[in-house]
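See below for the structure under consideration.
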Amino acid sequence: MNSFLIIIFVIILFIIICGIVYINMFNKINESLIRIDEAESRIDNNLRDKFDLLSRIVPIIRSNVSIDEDSFKDLLKLKTMKLSNFDLDRVLVSINNEFIQVYDANNNLKENEEVFKAYKQLDIINDELNTLRNYYNGNITVYNSMIKKFPTNIIAKIKKYKEKTFYDLKDMSDDKKNDFKL
C-alpha cells in the first residue's frame, strides 16, 4: 500500500510540474503576443497621424507651389483602399518621400510655417515608426522562435499559433524585386 501511495504522489507531482511548465511557457508566448499587439496598435496610430498630416498639408503645398497633377495621387486613393498596416506604411513612405522632394525643391515651402511644422512632425512620426518597427520585429523574432522551438512549439500547436511576418517595408507577394533594402 505504501508503494501505491508513493506512485500516486509521484504521478500527481509530475502532473503539477507539467502544469506549471505549461502555464509558464503559455504565459511567455502570450507576453510576446501582447507586446506585438501593443506595437501594432502604436504603429497604427502613428500611421493615421502621418496620413492625417499629409492629407492636411498636400492642399497647402498645391496652393503654394506649381506641381504635377500626378503628384500625391496615391494619397487621394488611400481613403478608398482597404490596406493592411504593412501596405499602408509602404504607400505612406512613398508619399512622404514625394513630400520631401517637393519640399526640398521649393524654397517658398520652407518659408511657410505650417509646411515647415508638418515637415518636422513627419520627422518625429517617422522616427517613432522606425523605433516601433524595430520593437515589433524584435518581439516577432522572440515569438517566432518560441513557436518553433521545443517545448513551446507544443503549446503553439495546441493553441494553433502561427508564425508572424516581420515589419520590413517590403512586399514578398508582389513582382517588385527592388523593394528589398539592406
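Could you work out how far apart the two model spin labels at I34 and E114 are, taking each label as a point 7 Å from the Cα in the direction of the beta carbon, and quote it in nm?
Modelled inter-label distance: 4.4 nm.
Pop out the ³J(HN,Hα) list for segment 18-26 in order, Karplus 6.51 cos²θ - 1.76 cosθ + 1.60 with θ = phi - 60°, rounded to Hz; leave Gly and Pro as x.
Values, residue by residue: 4, x, 5, 5, 4, 4, 4, 5, 4 Hz.
Can you run phi through the Karplus equation (6.51, -1.76, 1.60; θ = phi - 60°) for segment 83-91 and list ³J(HN,Hα) in whole Hz, with x for Gly and Pro?
For segment 83-91, the Karplus curve yields 10, 6, 4, 4, 5, 4, 4, 4, 5 Hz.
Counting each DSSP H run of 4 or more residues in the chain as -39500 (n - 2.57), what helix-only mean residue ellipticity at 222 nm follows after dividing by all residues, to the nearest 500 deg cm²/dmol? Walk me through the numbers before you get to the answer.
Numbers: 6 runs with 139 residues, N = 182.
My calculation for the chain gives -27000 deg cm²/dmol from helical runs alone.
Any chance you could give the angle, 0 to 90 degrees and rounded to 10, that helix 113-148 forms with the longest Cα principal axis of the chain?
So the inclination is approximately 20 degrees.
Across segment 154-159, in residue order, what do the Karplus-derived ³J(HN,Hα) couplings come to in whole Hz, using 6.51 cos²θ - 1.76 cosθ + 1.60 with θ = phi - 60° and x for Gly and Pro?
Working through the residues one at a time gives 5, 5, 4, 5, 4, 8 Hz.
Please label the shape of segment 1-90 as rounded, prolate or oblate, based on the square roots a ≥ b ≥ c of the eigenvalues of the alpha-carbon gyration tensor (a/c under 1.5 means rounded; beyond that, a/b larger than b/c means prolate, else oblate).
In terms of gyration-tensor shape, prolate.
Quick one: how many lysine pairs does segment 33-159 have with C-alpha atoms less than 30 Å apart and a gap of 8 or more or different chains? Give me the count, please.
Close lysine pairs under the 30 Å cut-off: 25.
Using Cα-only point scatterers and the Debye equation, what is log10 of I(q)/I(0) for the chain at each q in 0.14 Å⁻¹, rounded to two decimals?
The Cα Debye sum returns log10 ratios of -0.87.
May I ask you to compute the full-extension gain from I20 to Q101, defined as 0.36 nm times their residue separation minus their alpha-carbon distance, rounded to one decimal in nm?
Additional length available on full extension: 23.4 nm.
Let me have the relative contact order for the chain, percent, based on Cα pairs under 8 Å that are six or more residues apart.
Details: 108 pairs, mean separation 54.4, N = 182.
It rounds to 30 percent for the chain.
FYI, it's all coordinate maths here, none of it is from the lab. Keep in mind it's a predicted model, so treat the numbers as computed, not measured. FYI the Cβ positions are ideal-geometry reconstructions off the backbone, even for glycines, and counts take in every protein chain you see.
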